[in-house]
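Input: a single structure, listed below in structure tokens.
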Amino acid sequence: MDEEIDRWLMFTYWGSYLKEDYMKVGLDVTEILMKHWGMVRRLTGAVFNYDEGLVDLDSIDEVRKEVLDNRDQYELYDVTFFNPVVEEEIYVNRLRVDNTLLNVEEYDGIKFFQTKDAEINAQRTQALLDVFTDVAGHPALEELWMIDGDRNAYMGKPAYLYRPEPLYERVEDPVETKKTKEEVIRLVEEFEAHVPRDWVIDYLQDRLGAEAVQEMEGGKIRVLFYDRELTKNKVGNTRKFLRAFERHVDEYLLQKGIRLYKG
């Protein structure tokens, strides 16, 4: 293989909001991924070397027992899968779980979503979206993003789309993530108290199209910033789009004399 270029297929900085045991929630996510991708090809903990750990586990009960019976070893743990959607060669996806971040990595710069066949690209994109939606539907996950850097899709509480840059620079810093928890939770509560859900959905649908924004269970919404193929981003730069959304939220609330973020 040429030089590996890892990308995060999905990620959440859950250290800034998670209220449950991150190890157990990570195991729930492992179970969801097993339903889509099959057996766990390798399970490793923070104290293991790369060549150590357990291999070829086809029972989530076995995975749970190993992790929860050896918490010190699995304070940070990796779960490796072979994604069956790609048949040309072994395509590795790796779930990483720690107390600040959950992410699923792949190691080929998402090249398998960029074939010469647009229909294949769309099918693989939809398969990833199906997995993403199942993972994001877990009640403990309040926000989940698809593809780091590009942020091609989002699913979670609408409030997490409001991303004041000074705060989220700290959220995305592993040293600072957990220190932001009270601020993030307060901001989410304030957003939900003052910004109507319908206002957010209308704003997004006006700019992305009705088909790009869906209401999901648990008070979550799913927002697609791409058009069928993962690499075809509708807004060019999702971060800039979110900055504009932040400004519009601030303007909307200013009319009511409310200022959400005071940092």
With ASP108, ASP69, ASP150 as the choices, which residue is within 17 Å of the chain's Cα centre (by Cα) and open to solvent by 10 Å² or more (accessible area, probe 1.4 Å)?
ASP150
Please determine, by comparing only the residues of region 218-236 that are loosely packed, with under 15 Cβ neighbours inside 10 Å and more than 22 Å from TYR252 (Cβ to Cβ), which one is modelled with the lowest pLDDT.
GLY236
Hey, among GLU211, GLU176, GLU246, GLU169, which residue is of a type in the set (Asp, Glu) and either closer than 30 Å to GLU119 by Cα or in contact with a strand residue (DSSP E or B) (Cβ under 7 Å, 6 or more places away or on another chain) (or both)?
GLU211
Of the numbered conditions (1) open to solvent by 10 Å² or more (accessible area, probe 1.4 Å); (2) in a helix (DSSP H, G or I); (3) over 23 Å from ASP227 (Cβ atoms), ASP173 satisfies every one except a single condition; which is it?
(2)
Which residues, taken from region 111-123, are open to solvent by 30 Å² or more (accessible area, probe 1.4 Å), touching a residue at least 12 places away in the same chain (Cβ under 8 Å) and either among the hydrophobic types (A, V, I, L, M, F, W, C) or touching a helix residue (DSSP H, G or I) at 6+ places or on another chain (Cβ under 6 Å) (or both)?
ALA118
Take the residues in region 29-47 that are open to solvent by 50 Å² or more (accessible area, probe 1.4 Å) and either more than 15 Å from PHE82 (Cβ to Cβ) or in contact with a Gly (Cβ under 9 Å, 6 or more places away or on another chain) (or both), then tell me which one is modelled with the highest pLDDT.
GLU31
Among the residues of region 198-217, what is the count of those that are open to solvent by less than 70 Å² (accessible area, probe 1.4 Å) and either on the phi < 0 side of the Ramachandran plot or assigned to a helix (DSSP H, G or I) (or both)?
11
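The values are calculated or read from the model by the stated rules, or taken from the named source; none is laboratory data. Treat the numbers as computed from the prediction; the structure is a model and nothing was measured. No Cβ is skipped: glycine too gets one built from the backbone with ideal geometry, and neighbour counts run over all protein chains shown. Heavy atoms of the whole protein, side chains included, go into the accessibility calculation; ligands, DNA and RNA do not. Shrake-Rupley method; radii C 1.70, N 1.55, O 1.52, S 1.80 Å.
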